């Protein structure tokens, strides 16, 4: 059997939901929520003294409030002095990758106790803003530096993506979805029903989770029906299948060696083993060979399962990242399963606290595995299906001990088409490779975003002109040419207007 001092386990987890009523009076700072979650995790382990033994503390970046050093602030609040203290950047993949890295250090004998924390309070930030209350002056929130964190343009996409308006996840993920729908030969209606069924199943799971933000059960018909309260955002995604980031939630996970857990008095039936994981980093979407699949996601799942020496059929619990339906769809297709791929409840129903959702998934899977011989997998996704990581947890020790690989593999696309800047494409005809139409809050198409191929095979990304609602409407899934089930394959043109590239219809109503 592996050395117990080098066997990584999850010894305690803590999760909480706060201020669901979204009131100014109930507003709490993210730091306060994270500290509470960490104390809950220590209590959950039955060994509060574990915190003081921490060799490392890692804080996942908060997106709702800015901190100069969140990890140090948390450590100070709970009175620990870790020799390693880190703060992550942005990315939904980070909880799984970070857990894999922590487990690798414990397996290498470098540490014995590490703490991973994260949280958001966007609901409270918005409640205070509506009430005209300054969080720092009025509530004493941290002013180091405080306020909304700055955004780095590098986090929003490549130069070509930014130029085409493809810097919002709500615009990019529908491009993958619409290409997948075309590749599978589904009608828009059938594809929308698939998404709705997935998210109705997720709502059932969230309804049983004590810290879910939206614990109400929803039917597939409610999710699929576009109307007041469920407006279309970017086709084919209505609001009900978009992630819900306006939440107040926090989570903490205490990871130790098996020896440290036993020495601290953690009950045996509380311990869950970190078997290991794997990850992959992809290039930006416009430089990939295929926009209807994710080689990074598929490779990550395959490598994580292979390293853990388990098959997909042997998984008792799976939580797949679900910021938008295309991610769990791709995972389900690859794993060849129709199982409900969530334990927490998904980003729409459980809540989507930005970078920390998958840490909630880790905590939720660990809770379910305790005292069982079961196996669970948590998948995490960052960027635009760009950075992937998955980690396998088990309720029983494995003779092989930890078998992870936290260093991500690099995905290359030697068959990817050349990328041609739209600004060099005046009068260039394209065939649509994938497209989406963004709707206004008042309803109705406002702007279309298109990725297409020129006659020489080069890829071009561009959008319709702001205010050109007619062309946007013509590219809507509700205005398909006769006999068509997708906009994929439709001819369009890129024209320069006042120096800016815009998409126009080459032959309205026709297909290539």
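The values are calculated or read from the model by the stated rules, or taken from the named source; none is laboratory data. These numbers were taken from a predicted model, which means no experiment stands behind them. Glycine gets a Cβ as well: all are built from the backbone with ideal geometry, and neighbour counts include every protein chain shown.
Those residues that are touching a strand residue (DSSP E or B) at 6+ places or on another chain (Cβ under 9 Å) and under 26 Å from residue 243 (Cα atoms), I need them from the stretch 142-154; list them, please.
At the first step, the residues of the stretch 142-154 found to be touching a strand residue (DSSP E or B) at 6+ places or on another chain (Cβ under 9 Å) are 142, 144-146, 149.
Hits for the stretch 142-154 are 146, 149.
Take the conditions in the same structural domain as residue 254 (by TED's automatic domain parsing), touching a strand residue (DSSP E or B) at 6+ places or on another chain (Cβ under 8 Å), more than 27 Å from residue 334 (Cα to Cα) and not in a strand (DSSP E or B) and apply them to residue 466. Does it pass?
In short, no.
Here is a yes/no grid of residues against (1) in contact with a strand residue (DSSP E or B) (Cβ under 6 Å, 6 or more places away or on another chain); (2) closer than 30 Å to residue 55 by Cα:
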site	(1), (2)
183	no, no
188	no, no
211	yes, yes
239	yes, no
245	no, no
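Out of the residues in the stretch 99-138 meeting the condition of being more than 25 Å from residue 351 (Cα to Cα) and touching a helix residue (DSSP H, G or I) at 6+ places or on another chain (Cβ under 6 Å), tell me which one is surrounded by the fewest Cβ atoms within 10 Å (Cβ to Cβ).
It comes out as 109.
Give the residue, chosen from 364, 358, 322, that is in a helix (DSSP H, G or I), touching a helix residue (DSSP H, G or I) at 6+ places or on another chain (Cβ under 6 Å), in contact (Cβ under 8 Å) with a residue 60 or more places away in the chain and surrounded by 24 or more Cβ atoms within 10 Å (Cβ to Cβ). Don't jump to the end; show me each part of the working.
Details: 364 fails: touching a helix residue (DSSP H, G or I) at 6+ places or on another chain (Cβ under 6 Å); 322 fails: in a helix (DSSP H, G or I).
Residue meeting the stated conditions: 358.
For the stretch 23-48, which residues satisfy the criterion of being in a loop (DSSP other than H, G, I, E, B) and within 23 Å of the chain's Cα centre (by Cα)? Talk me through it step by step, then tell me what you get.
Restricting attention to the stretch 23-48, the residues satisfying the condition of being in a loop (DSSP other than H, G, I, E, B) are 23-29, 46-47.
If the condition is that a residue be in a loop (DSSP other than H, G, I, E, B) and within 23 Å of the chain's Cα centre (by Cα), then 29 is the only one that fits.
For the stretch 229-267, which positions are part of a loop (DSSP other than H, G, I, E, B), out of contact with any helix residue (DSSP H, G or I) (no Cβ under 6 Å at 6 or more places or on another chain) and closer than 30 Å to residue 56 by Cβ? Step through it out loud before you land on a result.
Taking the stretch 229-267 as the starting set, the residues that turn out to be part of a loop (DSSP other than H, G, I, E, B) are 229, 231, 235-236, 242-247, 265-267.
Within this subset, residues satisfying the condition of being out of contact with any helix residue (DSSP H, G or I) (no Cβ under 6 Å at 6 or more places or on another chain) are 229, 242, 265, 267.
265, 267 - these are the residues of the stretch 229-267 that are part of a loop (DSSP other than H, G, I, E, B), out of contact with any helix residue (DSSP H, G or I) (no Cβ under 6 Å at 6 or more places or on another chain) and closer than 30 Å to residue 56 by Cβ.
Identify, please: which residue in the stretch 258-275 is out of contact with any strand residue (DSSP E or B) (no Cβ under 6 Å at 6 or more places or on another chain) and crowded, with 20+ Cβ neighbours inside 10 Å and is, among those, farthest from residue 331 (Cα to Cα)? Can you show your working first?
Looking only at the stretch 258-275, we keep the residues that are out of contact with any strand residue (DSSP E or B) (no Cβ under 6 Å at 6 or more places or on another chain), and these are 259, 262-265, 267-270.
Checking the rest, the ones that are also crowded, with 20+ Cβ neighbours inside 10 Å come to 264, 270.
Working: 264: 38, 270: 29 Å.
The qualifying residue farthest from residue 331 (Cα to Cα) is 264.
Could we say that residue 483 is more than 26 Å from residue 180 (Cβ to Cβ) and either out of contact with any strand residue (DSSP E or B) (no Cβ under 6 Å at 6 or more places or on another chain) or free of Cβ contacts under 8 Å to residues at least 40 places away in the same chain (or both) here? Talk me through it step by step, then tell me what you get.
On the way: more than 26 Å from residue 180 (Cβ to Cβ): no; either out of contact with any strand residue (DSSP E or B) (no Cβ under 6 Å at 6 or more places or on another chain) or free of Cβ contacts under 8 Å to residues at least 40 places away in the same chain (or both): yes.
Criteria not met by residue 483.
On the basis of being assigned by TED's automatic domain parsing to the domain that holds residue 18, assigned to a loop (DSSP other than H, G, I, E, B) and closer than 30 Å to residue 473 by Cα, does residue 341 make the cut?
On the way: assigned by TED's automatic domain parsing to the domain that holds residue 18: yes; assigned to a loop (DSSP other than H, G, I, E, B): yes; closer than 30 Å to residue 473 by Cα: no.
The answer is no for residue 341.
Would you pick out the residues in the stretch 245-294 that are modelled with pLDDT of 95 or more and on the phi > 0 side of the Ramachandran plot?
Selection gives 265 alone.
Mind checking whether some residue in the stretch 26-46 is under 21 Å from residue 406 (Cβ atoms) and touching a strand residue (DSSP E or B) at 6+ places or on another chain (Cβ under 7 Å)? Let's see the steps before the verdict.
Initially, the stretch 26-46 is screened for residues under 21 Å from residue 406 (Cβ atoms), giving none.
So far as the stretch 26-46 goes, no, none of its residues is under 21 Å from residue 406 (Cβ atoms) and touching a strand residue (DSSP E or B) at 6+ places or on another chain (Cβ under 7 Å).
Looking at the structure I just gave you, is residue 412 more than 28 Å from the chain's Cα centre (by Cα), surrounded by fewer than 18 Cβ atoms within 10 Å (Cβ to Cβ) and either in contact (Cβ under 8 Å) with a residue 24 or more places away in the chain or closer than 18 Å to residue 287 by Cα (or both)?
Numbers: more than 28 Å from the chain's Cα centre (by Cα): no; surrounded by fewer than 18 Cβ atoms within 10 Å (Cβ to Cβ): yes; either in contact (Cβ under 8 Å) with a residue 24 or more places away in the chain or closer than 18 Å to residue 287 by Cα (or both): yes.
No: the conditions fail for residue 412.
This table checks each residue for (1) in contact (Cβ under 8 Å) with a residue 60 or more places away in the chain; (2) in a helix (DSSP H, G or I); (3) surrounded by 24 or more Cβ atoms within 10 Å (Cβ to Cβ).
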position: 50; (1), (2), (3): yes, yes, yes
position: 57; (1), (2), (3): yes, no, yes
position: 63; (1), (2), (3): yes, no, no
position: 72; (1), (2), (3): no, yes, no
position: 77; (1), (2), (3): no, yes, no
position: 80; (1), (2), (3): no, no, no
position: 85; (1), (2), (3): no, no, no
position: 91; (1), (2), (3): yes, no, no
position: 95; (1), (2), (3): yes, yes, yes
